[in-house]
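Working notes, beginning with the structure itself.
The values are calculated or read from the model by the stated rules, or taken from the named source; none is laboratory data. Quick caveat, the model's predicted, so the values are computed rather than measured. Glycine also receives a Cβ, built like all others from the backbone with ideal geometry; neighbour counts cover every protein chain displayed. Remember, those area values only see protein heavy atoms, side chains included, never the ligands or the DNA or RNA. Shrake-Rupley method; radii C 1.70, N 1.55, O 1.52, S 1.80 Å.
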Amino acid sequence: KNYLTLLAGGAYDQSPARDAVEFTPHLIDTGNKYSYSTGVIYHHDQWDFGIAGSITTYPDLTVDNLVDSDADGLTDSFTGEYKASTYETVLSFNYRF
């Protein structure tokens, strides 16, 4: 229909982190990620009103070893079980001149 646009998408993001032994939670990146999104935009005259949502799933990661990777006497990794998912909702209002 001319008054409605449906949105859908998916993505696969490879992790740049190759060595999970030295994992630190400064930036959560537990491995390769999958993202899924969907949304809708309603068009009325020169106005567009939209809502979209997405979810990104990360694999679970267990770190068992304490590692001092730079040999400065301080532990550089944190042991534990890391789990993460992100959710995002976007509302949009557009006016076309």
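A few comments on the model shown:
- With the simple spin-label model, which puts each label point 7 Å out from Cα in the Cβ direction, the N32 to D13 separation comes to 1.6 nm.
- Positive-end residue, the chain charge dipole about Cα centroid, Cβ charges, pick of H43, V90, G53: H43
- Accessible area in square angstrom per residue, the chain, 1.4 angstrom probe: 75 Å²
- Angstrom value of the Kirkwood radius, inverse mean 1/r, which spans all Cα pairs in the chain: 16.5 Å
- Length gained when the stretch V40-E81 is fully extended (0.36 nm per residue, less Cα-Cα span): 11.1 nm
- Each of L74 and T57 was given a label point 7 Å from its Cα along the Cα-to-Cβ line. The distance between the two points is 3.7 nm.
- Dipole magnitude of the chain, debye to nearest 20 (Cβ charges: Lys/Arg +1, Asp/Glu -1, about Cα centre): 860 debye
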